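Working notes, beginning with the structure itself.
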Amino acid sequence: MVDILTGATPTAPKFMVYSLPGLGKTTLASKMKNSLIVDIEGGANFVNTPRTTQITTLDDFYDLMTKLWKSPERKFDYIVIDTTDWLVRLIVERVADINRSKEGLKNTLNRSNGGYGNGKQILENEVRTRLLPMLVEMNKKGYGICLLAHADKKDMMDSDGTTIEQITPKVDQNTLNAFMEWCDAIFYLKKDSSGNRILQLESDDVALAKNRTGMTGEVNLSEVDINSVLSNKINRKEK
């Protein structure tokens with residue numbers, strides 16, 4: 001049965017934060033209220049917040065998500081995947097069968113699963129039909145989902161249909177589209193000329209960003225707490 005809803009239906013945040021290496025994505029995530037860092041990259045050893053040991057297989061990741069979902073009580077407010085590009089790499093290894101194929105590291109998405117780029121479609125299928133639906137169920141249970149990612153440059157299409165080069169999350173194009181569609185917000189973390197960490201909330205010609213909550217512009221993280229951004233309650237200083 002399909003219900004008809006009126007008005008907004010608030011849910012826990014589901015969003016991505018990406019930046020160049022060394023700008024403090026993991027540190028920022030550790031400041032989110034009651035967060036659990038799911039360490040896939042192996043770079044969360046220096047933050048003082050609950051975190052997993054480094055996850056090196058896709059099965060271990062899915063087992064952890066299933067365990068958290070089945071738990072009768074929700075112990076954390078945010079699940080932080082650190083990082084999305086490393087998680088996608090685990091999926092690539094599974095799809096291309098790198099660890100068991102006779103060709104080993106020489107096996108690629110283009111050559112795997114019968115060739116002709118079939119592996120790329122299977123990768124996208126894994127993300128759209130298994131990974132994201134699992135995160136949806138976590139989100140329904142009240143978990144905020146934070147996807148961390150590194151930054152890259154890609155050719156993207158702007159609102160006028162023109163191709164421009166933008167800074168984007170470092171995820172392959174088809175998979176990036178799936179995450180962009182799913183996330184309510186994508187924030188670009190950068191530094192200004194004074195060394196302040198800035199969170200960009202909307203796209204421009206330089207970097208990709210989005211926000212379904214309606215927030216615009218940028219916030220200085222030395223003046224605004226990340227939890228205020230996530231709750232959509234920012235008190236910007238008057239200039």
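Some values worked out for this structure:
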{"item": "Breaking point among (1) within 19 Å of the chain's Cα centre (by Cα); (2) hydrophobic (A, V, I, L, M, F, W, C); (3) at pLDDT below 95; (4) within 21 Å of D172 (Cα to Cα), for F61", "result": "(3)"}
{"item": "So K75, is it at pLDDT 80 or above, surrounded by fewer than 21 Cβ atoms within 10 Å (Cβ to Cβ) and in a helix (DSSP H, G or I)", "result": "no"}
{"item": "Selection count, the range 196-225, where residues are within 22 Å of G161 (Cα to Cα) and aliphatic (A, V, I, L, M)", "result": "5"}
{"item": "Residue within the range 9-32 that is free of Cβ contacts under 8 Å to residues at least 24 places away in the same chain, more than 23 Å from E223 (Cα to Cα) and not β-branched (V, I, T) present", "result": "yes"}
{"item": "Out of L90, L147, sole residue that is modelled with pLDDT under 95 and under 19 Å from R51 (Cβ atoms)", "result": "L90"}
{"item": "Given (1) in contact (Cβ under 8 Å) with a residue 60 or more places away in the chain; (2) over 25 Å from R130 (Cβ atoms), number of the condition T84 does not satisfy", "result": "(2)"}
{"item": "From I55, I37, I81, residue being in a loop (DSSP other than H, G, I, E, B), in contact with a helix residue (DSSP H, G or I) (Cβ under 7 Å, 6 or more places away or on another chain), within 24 Å of T175 (Cα to Cα) and modelled with pLDDT of 95 or more", "result": "I55"}
{"item": "Leading residue by the ranking (surrounded by the most Cβ atoms within 10 Å (Cβ to Cβ)) among those in the range 194-233 that are more than 21 Å from I79 (Cβ to Cβ) and of a type in the set (K, R)", "result": "R197"}
{"item": "Residues of the range 1-26 satisfying the condition of being at pLDDT 95 or above and either loosely packed, with under 12 Cβ neighbours inside 10 Å or part of a loop (DSSP other than H, G, I, E, B) (or both)", "result": "none"}
{"item": "From the options K210, K170, K191, residue that is among the basic types (K, R), touching a residue at least 24 places away in the same chain (Cβ under 8 Å) and in contact with a Lys or Arg (Cβ under 7 Å, 6 or more places away or on another chain)", "result": "K191"}
{"item": "Complete set of residues in the range 188-222 that are more than 19 Å from D158 (Cβ to Cβ) and among the hydrophobic types (A, V, I, L, M, F, W, C)", "result": "L189, I198, L199, M215, V219, L221"}
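The values are calculated or read from the model by the stated rules, or taken from the named source; none is laboratory data. Keep in mind that what you see is a predicted model, and the values were worked out from it rather than measured. Neighbour counts are summed over all protein chains in view; Cβ atoms, including those assigned to glycine, are modelled from backbone coordinates with ideal geometry.
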